[in-house]
1. Pull up the cross-link candidates among the aspartates and glutamates for K11, meaning alpha carbon to alpha carbon under 20 Å and not fewer than 8 places away within one chain.
2. Note the direction-averaged projected area, equal to a quarter of the hull surface, for the Cα convex hull of the chain, in nm².
3. With springs only between Cα atoms under 10 Å apart, run a GNM on the chain and tell me which of L76, L59, L12 wobbles the most.
4. ³J(HN,Hα) across the range 36-43 via Karplus (A = 6.51, B = -1.76, C = 1.60, θ = phi - 60°), whole Hz, x for Gly/Pro?
5. Suppose only helical runs count, i.e. DSSP H with n ≥ 4. What mean residue ellipticity at 222 nm does that imply for the chain under -39500 (n - 2.57) per run, divided by all residues and rounded to the nearest 500 deg cm²/dmol?
6. Report the paramagnetic label zone for L59: residues of the range 21-52 whose backbone N is under 15 Å from a point 7 Å from Cα along the Cα-to-Cβ axis.
7. Specify whether the C-alpha gyration tensor of the range 15-55 places it in the rounded, prolate or oblate class, a ≥ b ≥ c being the square roots of the eigenvalues: rounded for a/c under 1.5, otherwise prolate if a/b is larger than b/c and oblate if not.
8. What is the helix-to-structure angle for 45-78, meaning the angle in degrees between its Cα long axis and the longest Cα principal axis of the chain, kept from 0 to 90 and rounded to the nearest 10?
Amino acid sequence: MIEEVIINNEKLYLKKDKLGWHEIHPIKNSDGTINWKNLLIGGSWIKFGIIIFIILIILGCIYEYSIALKTANDCLNQTKIFIPTIK
């Protein structure tokens with residue numbers, strides 16, 4: 001259940017779970033309209049920026065790994081190794 005609390009003329013939404021009370025950012029306003037900021041970015045630009053930064057780091061790692069595999073594959077394809085057969 002979501003509780004609405006007003007502190008210093010600012011509405012805060014709190015929810016209680018097993019660990020205690022936590023501030024939440026609901027996707028619907030009190031009047032039933034959609035809060036687009038909370039829906040798209042989760043309520044905080046800082047958290048959104050951190051998530052985007054982490055995603056960019058992961059994508060960069062995947063890109064570098066694919067380049068390393070391509071380079072290694074090209075090196076192996078260009079290397080001519082003679083392996084004598086035993087008869």
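Only the coordinates and a few stated rules stand behind these numbers; no lab work does. Because the structure is a prediction, the values reported are computed rather than measured. Cβ placement follows ideal geometry from the backbone for every residue including glycine, while neighbour counts extend to all protein chains displayed.
1. E3, E23, D31
2. Numbers: hull surface 50.7 nm².
The orientation-averaged projected area of the Cα hull of the chain comes to 12.7 nm².
3. Ranking L76, L59, L12 by mean-square fluctuation puts L76 first.
4. My calculation for the range 36-43 gives 5, 4, 5, 5, 7, 10, x, x Hz in order.
5. Working: 2 runs with 40 residues, N = 87.
Value at 222 nm, helices only: -16000 deg cm²/dmol.
6. 49-52
7. Working: a/c = 3.42, a/b = 1.16, b/c = 2.96.
Judged from the Cα gyration tensor, the range 15-55 comes out oblate (a/c at least 1.5, b/c at or above a/b).
8. It is inclined by approximately 10 degrees.
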